[in-house]
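First up is the structure itself, then whatever we jot down about it.
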Amino acid sequence: MYERILVPTDGSDGSAHVALQAIDLAEQYDAEIHSLYVVSDDLLSRLDLKSHDAIEEEGERAVKRVQSMARAHGVDAVTELREGDPADTILDYADEIEADLIVSGTHGRSGVERRIIGSVAERLVRHAACPVLTVRLPETDVTVENADHAEDLATKALANDGFAADVTGVERQLSVWVVDAEDDDGTSLVVYVDPVTQRTSVVKRS
């Protein structure tokens, strides 16, 4: 049913939750993930060169994070960084790669950004040539409610992936538990734990 799944990301905490939903579908259908970060034209017009470079670096980290999560589940992932109007750029890229599905969050970090991402999601639903799955950040049905439970799930995931690692920190971000760990050889790791599905993703920090 799906061969190419597009996941726009803004690098926010909720992006990990959205990416996990897309990765789950990609695993089921043996599909490829495309992770896209769009640097808004409106934002660029207000930035100097140094700030522009910083935004691009943030975008690269955001798409690479999704790629690392996908690869942790055996899913191929392509990354792309573009400039332009977010909704139009996402729609154009979806047409370009002949995406079978777009998986998008319904809002960003907070405040104005939250409203912007919500507007983008609405435009995608209205104008995309392919189906659009919108993912709300979990507010109910949470099954991982405390740090101890998140740490336990992360520890099991690390062991299953062959890491003899010690957990160094656990933090509940907006829509995902982030568990930091360090392997015996000094490798820095992070485990994303979905608070609703209990799905885990082990990623080496770059």
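Tabulated results
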| read-out | value |
| --- | --- |
| Point-charge dipole on Cβ atoms (K/R +1, D/E -1) for the chain, about Cα centre, debye to 20 | 440 |
| Stokes-Einstein translational diffusion, segment 147-204 - Kirkwood Rh over all Cα pairs, 0.890 mPa s, 25 °C, in µm²/s | 225 |
| Under the span-like rule (Cα at least 20 Å along the axis, Kyte-Doolittle mean at least 0.0), DSSP H helices of the chain | 14-29 |
| Cα point-scatterer Debye curve for the chain, base-10 log of I(q)/I(0) at q = 0.09, 0.13 Å⁻¹ | -0.34, -0.71 |
| Sequence ranges 55-67, 18-30, 157-169, 74-86, ranked by mean other-Cβ count within 10 angstrom, highest first | 18-30, 55-67, 74-86, 157-169 |
| Protection-proxy order for peptides 35-41, 184-190, each taking the mean of Cβ atoms within 10 Å per residue, highest first | 35-41, 184-190 |
| Long-range amide H partners of Glu32 with built H, under 5 Å | Arg4, Ile5 |
| Cβ-based charge dipole, the chain, positive-most Cα from His52, Leu6, Leu174 | Leu174 |
| Length released on extending from Asn146 to Asp41, taking residue separation times 0.36 nm less the Cα-Cα span | 33.8 nm |
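Bear in mind these aren't lab numbers, they're just calculated from the coordinates by the rules spelled out. Please read all numbers here as calculations on a predicted model, not as lab measurements. Note that each Cβ is placed from the backbone with ideal geometry, even for glycine, and that neighbours are counted across all protein chains shown.
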